[in-house]
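The values are calculated or read from the model by the stated rules, or taken from the named source; none is laboratory data. Treat the numbers as computed from the prediction; the structure is a model and nothing was measured. Note that each Cβ is placed from the backbone with ideal geometry, even for glycine, and that neighbours are counted across all protein chains shown.
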Amino acid sequence: MSDERTPLLEFRNVNTYYGPVHVLKDVSLKIYPGEIVCLLGGNASGKSTTLKTILGMVIPASGQVLIDGHDVTKWTTSQRVEHGISMVPENRRLFKRMTVRENLEIGAYLRKDKENLEADMEQIFEMFPRVKERLNQKAGTLSGGEQQMVAVGRALMSRPKLLLMDEPSMGLAPILVAQSFEIIKQIHEAGTSVFVVEQNANMALSIADRGYVLQTGQLVLADTAANLLANPQMRQAYLGEVQ
Amino acid sequence: MTQFVQALLNGVSLAAVYALVAVGFVIIFKSTQVLNFAQPALLLLGALWVTHFATAVKLSFWVSLLIAVVLSAVTGVIVERTALRPMVGKPIFSVAIMTIGLNTVLTVFALGGLGIDIRPIGDPWGIKTVSIGPFTMAQHRVAAIVTAIVLVGAVMLFFKYSRMGLAMRAAAFDQEVALTQGVSVASVFALSWALSAVLAMFAGVFIGAGVGIDRTAAVTSLKALPVVIVGGLDSIGGALVGALIIGIVESLTSTYQPSLLPALGTGFAHVVPYLVMFVLLLVRPWGLFGTEEVERV
Ligand SMILES: Nc1ncnc2c1ncn2[C@@H]1O[C@H](COP(=O)(O)OP(=O)(O)OP(=O)(O)O)[C@@H](O)[C@H]1O
Ligand SMILES: [Mg+2]
């Protein structure tokens, strides 16, 4: 990794708390433009908290969050969204009582170039033809796989530079998991950097350039995806238990 | 028959006033999960301003109305910022109790300005009536119906089609995810309270139109509670239907009960909305149109 480039996203010694609970402990990480980076870790290790810290939904007690080299630690969530960060949250969390179209529209809430929205929607339909068929349906009536598509579409509607994905494989049948990761690759090829949080380590490492491993709030491993796949410690702790 | 239709018409005009208060209640509940029992005070304050500017300062009624709209919206925002914002995350029950306290404080403030006498609101309708065939209706009641239709219709269109309305619905459903789309939850809260305070102000104006306003207006506006219980706490359409049901039942009762069931005494019509509410709470606690998962306090 060339270290002269400015990372798209950087954590410098980030410590995040929920009340007295110390969740992220001195986390430092970097995501460069054009990368797919994955964050692996077991339940409650702090993966979602890492994403929330990136978006400013929780503010670190110490340390810095940088986007494009700017210290954004004190920025609001909407400022960060405007700067090109968007998220597919854990469990998709669509606005279930709103239509699919409205879900996509809210994804573009901060966009100023309203004239391009229809074209962007068309691109999402190309990726997910099913979404187009369901456009005027309430999002809550969609199947799990379809909801995943809308959640990804919603996140893309803000035209992010960095897409955060919180456990995209969760609750999906194996075939849909594979499709989901195919889509991540496509999005990446179209020029968006991706930071994907996963428990399904094999799957995530198969598409990622690099990976970090989080254990009770501490980064314990950081390496290229290939090295992590070969790492005996990894194989034992994370790869063996997954099919 | 004439008497019956006349009672229906009166019921609809009552419903107009109840709907204005109830829709405000629903807007705040939907977007902030707060049960706002301070609506009666917002209504009194709103009416006070109209009275003040129209009769004490002697501006035209319409100018006074405009000033009162602005002042009400500002009051709504200030109340939300100072009293409600610190309560975010507290149990819904505690916040509801807090709004009852808020109602008391604001009512004292409003009554201080209003005094103890009935004050004219300075409206142009006065005691004039319109007649169609055998039916007669006070002009201010017609105005109330028209205003309620226009305002509630505008609110519904706003929620359905505007960008901010979309954001408000999103925040109502899932605040955290709305935040991650770039929605400013602070503006959503502020706007909800502003809208709601303005709707309450209009209700106050129409309670006071013709007859004048005094502290009993707050009692009248409390009937928004049975209205939202009947219609469902989280449905604007439900609030409208609830308002019609409560308004018409009340009006029919006041027309027929004194002669048919005199034993129930005078003023029974004022109790009827609450009876309807209790019956509904027993059979369908989430209201006719509300969502089942909405909990009751
Ligand atoms: N809002 C919150 N308030 C208090 N504690 C929280 C909150 N959110 C998360 N936590 C705690 O912080 C720790 C890390 O949670 P986090 O959601 O980041 O884990 P995770 O790695 O995403 O887990 P999972 O794989 O189950 O999604 C957990 O112990 C969790 O209980
Ligand atoms: Mg998580």
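Annotation: B:GLY182 fulfils all but one of (1) touching a His at 6+ places or on another chain (Cβ under 6 Å); (2) at pLDDT 90 or above; the unmet one is (1).
For the range A:194-212, a residue qualifies if it is in contact (Cβ under 8 Å) with a residue 40 or more places away in the chain and either farther than 15 Å from A:LYS30 by Cβ or out of contact with any strand residue (DSSP E or B) (no Cβ under 9 Å at 6 or more places or on another chain) (or both), and the qualifying residues are A:VAL196, A:VAL197, A:GLU198, A:GLN199, A:ASN200, A:ALA201, A:ASN202, A:ALA204, A:LEU205, A:ILE207. The range B:114-214 holds helices (runs of 4 or more DSSP H) entirely within its bounds, and those carrying 1 or more residues that are more than 14 Å from chain A (Cβ to nearest Cβ) and in contact with a helix residue (DSSP H, G or I) (Cβ under 7 Å, 6 or more places away or on another chain) map to B:139-161, B:185-208. Among the residues of the range A:196-235, those that are over 19 Å from the mean Cα position of the chain (by Cα) and in a helix (DSSP H, G or I) comprise A:ALA226, A:ASN227, A:LEU228, A:LEU229, A:ALA230, A:PRO232, A:GLN233, A:MET234, A:ARG235.
In this structure, is B:VAL70 free of Cβ contacts under 8 Å to residues at least 12 places away in the same chain and under 23 Å from B:PHE189 (Cβ atoms)? Yes: the conditions hold for B:VAL70.
Could you say whether any residue in the range A:152-175 is at pLDDT 90 or above, of a type in the set (D, E, K, R) and buried (at least 22 other Cβ atoms within 10 Å of the Cβ)? Yes - at least one qualifying residue is present in the range A:152-175.
If we keep just the residues of the range A:6-61 that are under 16 Å from A:GLY211 (Cβ atoms) and among the β-branched types (Val, Ile, Thr), which is nearest to ligand 2 (Cβ to nearest atom)? The selected residue is A:THR50.
Conditions (1) hydroxyl-bearing (Ser, Thr, Tyr); (2) over 27 Å from A:VAL21 (Cβ atoms); (3) within 16 Å of ligand 1 (Cβ to nearest atom); (4) outside the structural domain of A:LEU24 (by TED's automatic domain parsing), marked per residue:
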site	(1), (2), (3), (4)
A:GLU167	no, no, yes, no
A:LEU172	no, yes, yes, no
A:ILE184	no, yes, no, yes
A:TYR212	yes, no, yes, no
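For A:ILE54, which of the numbered conditions (1) of a type in the set (Val, Ile, Thr); (2) closer than 18 Å to A:GLU167 by Cα; (3) part of a strand (DSSP E or B) fails to hold? Every listed condition holds for A:ILE54 apart from (3). Residues in the range A:7-22: is at least one over 14 Å from the mean Cα position of the chain (by Cα), within 12 Å of ligand 1 (Cβ to nearest atom) and closer than 16 Å to A:MET165 by Cα? For the range A:7-22, residues over 14 Å from the mean Cα position of the chain (by Cα), within 12 Å of ligand 1 (Cβ to nearest atom) and closer than 16 Å to A:MET165 by Cα: absent.
Considering each residue of the range A:79-117, count those that are free of Cβ contacts under 8 Å to residues at least 40 places away in the same chain and either among the basic types (Lys, Arg) or closer than 25 Å to A:GLN179 by Cα (or both), and give that number. Of the residues in that region, 5 qualify.
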